[in-house]
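These notes concern the structure reproduced below.
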Amino acid sequence: MATLSRSEAVLTGLAGIRGWQEELYRDLHQHPELSHQEHRTAGIVAGQLRQSGYSVHEGIGGTGVVGVLRNGDGPAVLLRADMDALPIREATGLPFASTVTAVDAAGDEVPVMHACGHDVHVACLLGAAQLLADGTEHWHGTLVTVFQPAEETGDGARGMIDDRLAEVLPAVDVALAQHVLPAPAGVVGTHPGPVLSAADSMRITVHGRGGHGSMPQATVDPVVLAAMIVIRLQTVISRETAPAEAAVLTVGRIVAGTKSNVIADHAVLELNVRTYSDATRTAILDAIRRIVVAECQASRSPKDPEFELFDRFPPTVNDPDTTARVAAAFTEHFGGRSRVMPLQTASEDFSDLPTALGVPYTYWGIGGIDPDSYRTAEEAGRVAEDIPVNHSATFAPVLQPTLGTGTEALVVAALAWL
Ligand code: ZN
Ligand code: ZN
């Protein structure tokens, strides 16, 4: 009789947890919570981790939960799932669709939906945590599970770090995370090197001197100043960034003035930058400040411009060795269902955790779309039209094999170290 591999041995419990895992998923999906409001979800997570035998730390960075399972000497692996949902009115038609509304940070009542699939991430990580706790005879080391709030606002991981995360964590050797994507369910995808972009939004206020529209000589016009800045900023990517380096700079908003014959006294510009390396990111943000300051001087602006960065996400740059180790384990376990994931244009704040802890990381994708529907759409050349993507009101991952695959991926990847 052939002996089971260690991951096969741990995963023999998968069929046994399927029932509660699917039920848990439906419950989370029906009760989504906005970023920084994940109280119910965090309570469920903490209760389940305790039941699985983990020592649990709650309220880290607001609603963050950490579960630690020590199982003898050996490496320590951190597995992370994000918990928050989005202000979207669900239109999936699922029997367990959300009808929840909540009051957002601006004080407005908004519909809430797990449109990014973070409910999948939570259900998969709780399942993997249970299986690894049940199968401690097959591994040794320390398993650390991190359930993070507020990924969608880009400040949840940072909030946990700033609120004693390093104190409650044992030293870890590697950090791992996954995201459900609009790809066929059952498939896992790894990608070494840069995989998700950094995102930075910047609000810039430039000052003029207001006055009558008929007497420009007595004013400093912030509208003309803002226009010059927008044009000049177009050279940051085209003239200052290497052609092979992917980057985007978009001015998405300009606000100035109240009336056609009044020259305003200030203008506000809001822009968004996407980059794939820290060096390019720093260079572009510095170039923006330099150009704005110089244009203000050129326009005789009476006051220094103000800069405010918001909605910031770090780049996700998968460590090549860590990724190769996970990819090899995936190929052994999943065979042809282990693929290379293409570069993604989205952003994530997961990498803030390993960066702060000084450990390597990798972040992989799992498919969430019914394989038959996906194949039909692909054959018709209609993937873009027919397959809902994350953040869409109709994004509805199929329960299986999505939950099973995501759970297997976490177990297999963790056991590549443990
Ligand atoms: Zn999202
Ligand atoms: Zn997400």
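The values are calculated or read from the model by the stated rules, or taken from the named source; none is laboratory data. Only a predicted model underlies this, so the values are computations on that prediction, with no experimental measurement involved. Glycine gets a Cβ as well: all are built from the backbone with ideal geometry, and neighbour counts include every protein chain shown.
If I filter segment 392-414 down to residues being of a type outside the set (Gly, Ala, Ser), in contact with a Ser or Thr (Cβ under 8 Å, 6 or more places away or on another chain) and within 16 Å of ligand 1 (Cβ to nearest atom), which single residue comes out as nearest to residue 184 (Cα to Cα)?
The selected residue is 395.
Would segment 318-333 turn up any residue that is touching a residue at least 60 places away in the same chain (Cβ under 8 Å), crowded, with 17+ Cβ neighbours inside 10 Å, among the hydrophobic types (A, V, I, L, M, F, W, C) and within 16 Å of residue 276 (Cα to Cα)?
No; the residues of segment 318-333 include none that is touching a residue at least 60 places away in the same chain (Cβ under 8 Å), crowded, with 17+ Cβ neighbours inside 10 Å, among the hydrophobic types (A, V, I, L, M, F, W, C) and within 16 Å of residue 276 (Cα to Cα).
Filter segment 75-91 down to the residues that are more than 15 Å from ligand 1 (Cβ to nearest atom) and part of a strand (DSSP E or B), then identify the one that is surrounded by the fewest Cβ atoms within 10 Å (Cβ to Cβ).
Taking segment 75-91 and keeping what is more than 15 Å from ligand 1 (Cβ to nearest atom), we get 75-79, 89, 91.
With the extra rule that they be part of a strand (DSSP E or B), the set shrinks to 76-79.
Values: 76: 19, 77: 25, 78: 25, 79: 26.
Filtering first and then ranking leaves 76.
Is one or more of the residues making up segment 268-291 buried (at least 19 other Cβ atoms within 10 Å of the Cβ) and farther than 22 Å from residue 197 by Cβ?
No; the residues of segment 268-291 include none that is buried (at least 19 other Cβ atoms within 10 Å of the Cβ) and farther than 22 Å from residue 197 by Cβ.
Which of the residues that make up segment 334-347 are in contact with a strand residue (DSSP E or B) (Cβ under 9 Å, 6 or more places away or on another chain) and either modelled with pLDDT of 95 or more or among the aliphatic types (A, V, I, L, M) (or both)?
We begin by selecting, within segment 334-347, every residue in contact with a strand residue (DSSP E or B) (Cβ under 9 Å, 6 or more places away or on another chain); these are 334, 337-347.
Selection gives 334, 337, 338, 339, 340, 341, 343, 346.
Which of (1) within 16 Å of ligand 2 (Cβ to nearest atom); (2) crowded, with 24+ Cβ neighbours inside 10 Å; (3) hydroxyl-bearing (Ser, Thr, Tyr) is the odd one out, the single condition residue 153 does not satisfy?
Result: residue 153 passes all but (2).
Within the set of pairs 6 or more residues apart or between chains, which connect a residue that is farther than 22 Å from residue 203 by Cα inside segment 239-251 to a residue that is modelled with pLDDT of 95 or more and in a loop (DSSP other than H, G, I, E, B) with Cβ atoms less than 8 Å apart?
none
Within the group 205, 219, which residue is assigned by TED's automatic domain parsing to the domain that holds residue 288, more than 26 Å from residue 356 (Cα to Cα) and under 29 Å from the mean Cα position of the chain (by Cα)?
Residue meeting the stated conditions: 205.
Give the residue that is nearest to ligand 2 (Cβ to nearest atom), with candidates limited to residues of segment 372-418 that are of a type in the set (Val, Ile, Thr) and closer than 16 Å to residue 122 by Cα.
Taking segment 372-418 first, the residues of a type in the set (Val, Ile, Thr) are 376, 383, 387, 389, 394, 398, 402, 405, 407, 411-412.
Adding the requirement that they be closer than 16 Å to residue 122 by Cα leaves 398, 402, 405, 407, 411.
Values: 398: 18, 402: 14, 405: 17, 407: 18, 411: 21 Å.
Here the answer is 402.
Return yes when residue 8 is over 22 Å from residue 144 (Cα atoms) and either at pLDDT 95 or above or assigned by TED's automatic domain parsing to the domain that holds residue 169 (or both) and no when it is not.
Criteria not met by residue 8.
Just the residues that are of a type outside the set (A, V, I, L, M), within 13 Å of residue 113 (Cα to Cα) and in a helix (DSSP H, G or I), please, taken from segment 26-52.
26, 27, 29, 30
Could you list, ordered by first residue, the pairs with Cβ atoms under 7 Å in which the first is in segment 138-160 and farther than 15 Å from residue 355 by Cα and among the aromatic types (Phe, Trp, Tyr) and the second is more than 16 Å from ligand 1 (Cβ to nearest atom) and assigned to a loop (DSSP other than H, G, I, E, B), at least 6 apart or interchain?
Pairs found: 139/418.
I want to confirm something. Restricting to segment 342-371 and keeping residues that are surrounded by fewer than 20 Cβ atoms within 10 Å (Cβ to Cβ) and within 15 Å of ligand 2 (Cβ to nearest atom), which single residue is nearest to the chain's Cα centre (by Cα)?
If we take residues in segment 342-371 being surrounded by fewer than 20 Cβ atoms within 10 Å (Cβ to Cβ) and within 15 Å of ligand 2 (Cβ to nearest atom), then 346 is nearest to the chain's Cα centre (by Cα).
Quick check: anything in segment 105-120 within 16 Å of ligand 1 (Cβ to nearest atom) and on the phi > 0 side of the Ramachandran plot?
Scanning segment 105-120, I find at least one residue that is within 16 Å of ligand 1 (Cβ to nearest atom) and on the phi > 0 side of the Ramachandran plot, so the answer is yes.
Count, please, the residues in segment 161-181 that happen to be over 12 Å from residue 357 (Cβ atoms) and surrounded by 20 or more Cβ atoms within 10 Å (Cβ to Cβ).
Matching residues across segment 161-181 total 6.
For segment 159-197, how many residues are modelled with pLDDT of 95 or more, small (Gly, Ala, Ser) and within 16 Å of ligand 2 (Cβ to nearest atom)?
Adding up the residues that qualify gives 3.
All but one of (1) crowded, with 24+ Cβ neighbours inside 10 Å; (2) within 16 Å of ligand 2 (Cβ to nearest atom); (3) outside any helix (DSSP H, G or I) hold for residue 143; state the number of the condition that does not hold.
(2)
Looking at (1) away from ligand 1 (no atom under 16 Å from the Cβ); (2) over 18 Å from residue 80 (Cα atoms); (3) not in a helix (DSSP H, G or I), find the lone condition where residue 417 falls short.
Unmet condition: (2).
Which of the residues spanning segment 210-231 are buried (at least 21 other Cβ atoms within 10 Å of the Cβ) and either over 12 Å from residue 251 (Cβ atoms) or modelled with pLDDT under 95 (or both)? Reasoning before the result, please.
Initially, segment 210-231 is screened for residues buried (at least 21 other Cβ atoms within 10 Å of the Cβ), giving 220-222, 225-226, 229.
Answer for segment 210-231, where residues must be buried (at least 21 other Cβ atoms within 10 Å of the Cβ) and either over 12 Å from residue 251 (Cβ atoms) or modelled with pLDDT under 95 (or both): 220, 221, 222, 225.
If we keep just the residues of segment 113-130 that are touching a helix residue (DSSP H, G or I) at 6+ places or on another chain (Cβ under 8 Å) and near ligand 2 (Cβ under 10 Å from one of its atoms), which is farthest from residue 30 (Cα to Cα)?
Result: 121.
Against the condition assigned by TED's automatic domain parsing to the domain that holds residue 178, farther than 22 Å from residue 90 by Cα and not in a strand (DSSP E or B), how does residue 402 come out, does it pass? Spell out how you get there, then give the answer.
On the way: assigned by TED's automatic domain parsing to the domain that holds residue 178: yes; farther than 22 Å from residue 90 by Cα: no; not in a strand (DSSP E or B): yes.
No; evaluated as a whole, the condition is false for this residue.
Please enumerate the residues belonging to segment 295-317 that are surrounded by 13 or more Cβ atoms within 10 Å (Cβ to Cβ) and assigned to a helix (DSSP H, G or I).
295, 296
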